[in-house]
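Worksheet: one structure, shown below.
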Amino acid sequence: GTVFGDLMEEIDSIRLREDVALSEETLYSLLEAVRRHETTYKAAGAVHGCALATNAREGSEILYFVEDVGRHNAVDAIAGQMWLDAVEGSDKIFYTTGRLTSEMVIKAAQMQIPFLVSRSGLTKMGHEIASRIGITMIGRAVNKHYLLFTGRQRFVKSVSPTMVA
């Protein structure tokens, strides 16, 4: 309880950028890029993939992609590479194939990343922490389907053309 309490105090002090947004088109671009990168998963299965990606109007480019049997190993490898390369996360997107648990949300917040995307679901505590911090959390993201769970203020939905009879 003490360690978790201390961690939550640290999390409450994190302030993510409010001046960045994620468009639906950029989300789709990221999902397509991830699909092309998942080589080990396609060959063998049973691995998690994580990516750090850019967030630009032109689309999303993957900066780092790691596949590992442990989802936390993949997240930590990217966090370490960001530190080594002095890459700032404040305008980036973090993608994971794993569930959006409290630990995943906390790690994204510690990396200052405002956008967290997964092809999987989420946990109640992950949702609560993401809401508390203000992370834009998207789950069940595959192809052109997704669920926006938190951080609606940073997400820009495309306007679909109206069908005319």
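The values are calculated or read from the model by the stated rules, or taken from the named source; none is laboratory data. Not measured: the values here are computed from a predicted model. When we count neighbours, we look across all protein chains shown, and the Cβ atoms used for this are built from the backbone with ideal geometry, even at glycine. Accessible surface areas use protein heavy atoms only, side chains included; no ligands, DNA or RNA. Shrake-Rupley method; radii C 1.70, N 1.55, O 1.52, S 1.80 Å.
Things to note:
- Hits in the stretch 42-67 - residues which are open to solvent by 50 Å² or more (accessible area, probe 1.4 Å) and among the charged types (D, E, K, R): 42, 57, 58, 61
- Considering (1) in a strand (DSSP E or B); (2) out of contact with any Ser or Thr (no Cβ under 8 Å at 6 or more places or on another chain); (3) open to solvent by 80 Å² or more (accessible area, probe 1.4 Å), the lone condition that residue 103 does not fulfil carries the number (1).
- Any chance residue 95 is open to solvent by 20 Å² or more (accessible area, probe 1.4 Å), assigned to a strand (DSSP E or B), among the hydroxyl-bearing types (Ser, Thr, Tyr) and in contact (Cβ under 8 Å) with a residue 12 or more places away in the chain: no
- Cross-chain or 6+ apart pairs with Cβ under 6 Å, the stretch 5-27 first and more than 19 Å from residue 126 (Cβ to Cβ), then at pLDDT 90 or above and among the small types (Gly, Ala, Ser): 17/90; 26/60
- Residue count, the stretch 48-85 (criterion: in a helix (DSSP H, G or I) and closer than 21 Å to residue 28 by Cβ): 0
- Criterion (among the small types (Gly, Ala, Ser) and over 21 Å from residue 63 (Cβ atoms)) met by exactly one of 98, 121: 121
- Filter result for residue 27 (modelled with pLDDT of 85 or more, among the aliphatic types (A, V, I, L, M) and either in contact with a helix residue (DSSP H, G or I) (Cβ under 6 Å, 6 or more places away or on another chain) or surrounded by 18 or more Cβ atoms within 10 Å (Cβ to Cβ) (or both)): yes
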